[in-house]
Structures are given as C-alpha cells and as structure tokens.
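Read the figures in this text as sums done on the coordinates, not as results from a lab. Please read these numbers as outputs of a predicted model, since none were measured by experiment. Every residue, glycine among them, receives a Cβ derived from its backbone with ideal geometry; neighbour counts consider all protein chains shown.
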Amino acid sequence: MASNASPRADIAKRLSRMIQLPTVSAELESRGNTPFEAFVTLLEELYPLVHTHLTRERITDFGLLFHWRGSAHNTDPAVLMAHYDVVPVDESDPWSYPPFEGHIADGFVYGRGALDDKGPMVVLLDAVENLLIAGFTPARDIYLSFGGNEETFGEAGERIADTLHERGITPWLVLDEGGAVVDAPLPFVSGKAAMIGVGEKGLATVRISARSEGGHSSVPPPLTAVGRVSRAVTKLTPRTFHARAPRAIPRMLALFAPRSSGPGRMLYRTLAAWPWLNARVFATLGGEAAAMVRTTIAPTRLSGGTANNVLPSQASATVNLRLALGETVEGTARRLRKRIGDKEVTVEVLEGNDASPESPSDGPQFALITEAVRASHPEAITVPYVTMAATDSRYFHRYCRHTYRFAPLMMNAEQRAAVHGIDERVAISELERGELFHRTLIEGLSA
C-alpha cells in the first residue's frame with residue numbers, strides 16, 4: 001500500500017556531513033576507530049525515527065544491522081545494503097574541493113564516498129526515515145545492512161550474512177551497490193539504462209614464485225628465479241580462460257536491440273540469439289566487454305633479488321584475478337598451474353572467493369526493482385548485467401538466490417571514473433531520485 005510520504009529537504013547536507021567523517025578503512029591503523037564511531041553517532045542524529053522504530057545491532061566493530069518489522073512477520077525479509085567506509089585519497093591529487101569537506105556546489109555534492117557508497121546509503125536511509133514520518137509499515141520485514149570495512153574485504157558484511165543465516169532467516173531479496181543508471185551503455189544504443197547486477201565476479205589473489213641457486217651475477221644460470229617467474233607470468237594471456245556468456249548478457253542485448261540504431265540492432269539481436277558468438281565477440285572487444293564473459297588476469301606486483309649484481313635465490317609475482325560467473329578459486333588455481341606448465345613454479349592462493357551464481361532476471365524480485373526504476377528514472381530501461389567489482393552482497397548469495405547489485409543513481413562516464421578517483425561527486429537531483437527509488441521499492445514489497 002502506498003504511503004503519503006514525501007522527501008525531507010537537505011538530503012545533500014546530510015550526505016555532506018557523512019563525507020566529512022573520513023571513514024577510510026585502509027587507514028584504520030593511522031586514523032583509529034574515531035571516525036567510524038563518530039559516523040554511527042551521526043546516523044543517530046540524522047535519522048532519529050530509524051533509531052526509534054528499528055532495532056539496531058552492532059555486528060563486529062564495523063557492522064550495523066537494523067531490523068524493521070513488517071506487518072506479516074512470517075515472510076522472508078528484504079535486505080537492503082550499503083557500506084560507509086571509503087578508499088584513501090592521494091593528497092597530491094588535484095581535487096576541485098578538499099575530498100573530506102563534503103562541498104556542495106553547482107548542483108553536486110563533492111567528496112570521497114559521494115558515489116561509493118555514502119550516496120547510495122543516504123538515499124536508502126532517507127527513504128526509510130520519510131516512510132516512518134508518514135507512519136508507514138512495510139508488508140514484510142526489512143533489514144538494513146551496513147558494513148564499515150567493505151573496501152578492505154573486512155568481515156562485517158560476512159558476519160551479518162552469517163548471523164541472519166544462523167537465525168534461520170532466508171532473505172526474499174538482497175539489494176546492494178553495483179550497477180547504476182548510465183547513458184548510452186553500449187555502442188549504437190541510445191537512451192539511459194539501469195544496469196542491475198544479477199551476478200558478481202569472484203576474486204582471487206595468487207602468488208607465483210620460484211627459487212634458484214644464488215650467486216654472483218657474472219656467472220648466471222640459463223634461467224634465474226626472476227626469469228622463471230617472468231616467463232610464467234608472460235604465459236598468462238587473456239586467453240588463459242575460456243569466454244562464455246552468462247544468461248544475463250544475451251538478455252541484456254535483446255533488451256538493447258530495439259533501442260539500437262544502424263548495424264547495432266541486427267548485431268545485438270544476433271548476439272542475443274547466439275550466446276557462444278556473444279562470448280567470442282565480447283572477448284575480442286576487450287575492456288569491460290571482455291571482462292563480462294571471461295576471467296581477467298592482472299599481474300600487479302613483481303619482486304626478487306637483493307642487489308644489482310647478486311643472483312636472486314627467490315622471486316615472486318602477485319596476480320589479481322576476477323573470476324567469471326561459474327568459476328571457482330580452486331579451479332582457477334588449477335588452470336593457472338596447467339597454463340604455466342613448470343613444476344619449478346609454485347602457485348599459491350593468498351585470498352579469494354568464488355564467483356556468485358546468477359540471480360534470475362525474470363522473477364518478482366527483478367520486477368519489483370524494475371518498477372522502482374520506473375518511478376525514479378522513467379526514461380531508463382532496466383536490464384541485467386554482471387558486476388565486475390566485489391561487494392558485500394557476495395556473502396549473501398550462498399544464502400539467497402535473489403541477490404542484486406544496483407545503486408539508484410545516474411552516473412555518466414566521468415563520474416564512474418571518479419569512483420576511487422579524483423572529484424568523486426553526485427548530483428543532488430540524483431539523490432532525490434535515489435530516495436524515490438527506495439521508497440517505491442519498500443512500498444512495493446508484498447507479503
């Protein structure tokens with residue numbers, strides 16, 4: 001049942017105050033817990049009804065779990081997520097305004113976290129507060145799950161997911177950050193699209209290492225430890241892993257085809273009808289298109305040796321992989337060892353999690369998200385896609401088949417590049433639209 005809720009003024013100021021607290025999880029050792037505790041206190045001030053009507057739990061030092069009881073207590077709940085930690089800032093970068101000032105100018109809120117992920121968090125909390133002001137009660141229970149160490153792969157999000165599971169709670173819907181509303185999402189495609197992540201790539205960090213006899217560099221062996229590791233890394237080309245299109249990609253292309261011009265219309269219809277061809281074409285295109293259909297490999301660190309004229313006794317390289325849907329960490333490591341084909345090279349998994357399963361894009365949960373997008377961004381078509389980056393929702397997909405990733409904010413290419421970069425900012429008009437999205441979503445939850 002629709003409420004009579006209306007948005008409060010000054011949502012930009014609330015986000016500005018959130019940004020002013022430097023909740024940089026990667027700098028916890030130097031900054032301490034103070035900004036994080038101050039953020040928790042700030043939420044109590046900004047959202048008094050949320051803290052009066054919802055039950056709040058602290059899960060680990062950085063997890064906040066709010067429970068909003070619905071009118072039908074025996075139904076599976078919705079879990080709506082965000083995180084309040086942010087990535088560091090290079091002080092030498094030329095920001096237009098100080099990154100932790102939360103400056104409001106020209107219709108935008110500037111600062112670290114404006115898009116990732118305090119902006120998406122403020123629109124969710126504003127929607128809940130506004131509904132509470134109107135006396136609204138949701139049809140089913142709702143949990144608000146906020147993590148404070150998502151950017152450092154901390155345990156807050158994982159512990160929240162495990163806690164609900166241990167209590168026998170299976171969410172009907174999980175919605176976290178991930179996709180966004182974008183303009184001209186693919187070549188030949190006009191108009192705006194709400195990109196809903198129905199799957200999330202996995203993550204693996206691998207150390208490739210080798211040992212050899214040390215000694216003086218004037219009498220080198222045929223292959224040093226550095227040479228052996230370098231040769232192994234060189235073998236890890238983009239073709240190491242086969243390309244295959246998840247179900248979401250052909251459906252996305254089928255939805256884009258009617259909005260395409262020129263050769264795009266026939267191209268996308270053909271690729272939608274032939275997933276194997278879709279995978280090959282996307283892999284050939286490279287970049288984000290290839291990343292949707294294939295496990296990516298990025299060597300990020302190389303080390304070895306102690307002096308310029310000394311043969312290294314050991315060397316290593318660190319490789320970061322983003323696993324395509326359907327891939328596992330164990331299978332990925334096995335594939336790397338086979339590709340390298342050198343028994344003198346060790347492949348060690350330092351950390352990782354399997355890729356998520358693919359959530360349906362044809363059920364009531366996806367339809368509800370589509371209806372909310374229709375209210376907040378009526379000009380946008382809602383389509384499924386694969387989320388490249390890691391989110392805290394990856395901890396829920398083992399418990400909930402309907403896990404989605406979407407921030408209800410319009411982000412152009414320049415803004416998306418500013419996430420984790422310079423001049424991160426969000427349009428105030430998009431904050432207002434994002435609040436309407438969540439208000440519509442919550443009102444549309446049926447028992």
Rounded to the nearest 500, the 222 nm mean residue ellipticity computed for the chain from DSSP H runs (n ≥ 4, each -39500 (n - 2.57)) alone is -10500 deg cm²/dmol
The alpha-carbon center of segment 360-381 and that of segment 310-344 are separated, in whole Å, by 40
On the formula 1/(1 + (r/R0)^6), with r taken between the Cβ atoms of Ser71 and Ala9 and R0 of 41 Å, the FRET efficiency rounded to 0.05 is 0.90
Pseudo-spin-label distance Arg56 to Arg239, built 7 Å along Cα→Cβ, given in nm, is 5.6
Cα-based Debye curve of the chain sampled at q = 0.07, 0.08, 0.11 Å⁻¹ gives log₁₀ I(q)/I(0) of -0.39, -0.50, -0.91
Relative contact order in percent for the chain (Cα pairs under 8 Å, 6+ apart) equals 25
Reduced to Cα centres, the span from segment 230-260 to segment 56-103 in Å works out to 31
So, relative contact order of segment 202-353 in percent, Cα under 8 Å, 6 or more apart, is 45
Which of Ile133, Ile142, Ile160 fluctuates most in a GNM of the chain (C-alpha springs under 10 Å)? That residue is Ile133
Subtracting the Cα-Cα distance of Ile422 and His216 from 0.36 nm times their residue separation yields 69.6 nm
Place a point 7 Å from the Cα of Thr296 in the direction of its beta carbon; the residues of segment 242-274 whose amide N falls under 19 Å from it are 242-250
One finds, for His165 and Arg231 with R0 = 45 angstrom and r their Cβ-Cβ distance, a FRET efficiency to the nearest 0.05 of 0.50
Residue separation between Asn308 and Ser261 times 0.36 nm, minus their alpha-carbon distance, gives in nm 11.1 nm
Tilt, helix 364-376 to longest principal axis of the chain (alpha-carbon atoms), in degrees rounded to tens, equals 70
Relative to the chain, whose Cα atoms define the longest principal axis, helix 118-133 and its Cα axis are tilted in degrees, nearest 10, by 20
FRET efficiency (Glu45, Ala134; Cβ distance; R0 22 Å; to 0.05) is 0.60
Of segment 89-112, those with amide N under 20 Å from the point 7 Å along the Cα→Cβ vector of Glu351 are 89-90
Relative to the chain, whose Cα atoms define the longest principal axis, helix 156-166 and its Cα axis are tilted in degrees, nearest 10, by 70
Mean-square fluctuation maximum in Gaussian network of the chain, Cα pairs under 10 Å, restricted to Ser30, Ser212, Ser96, hits Ser30
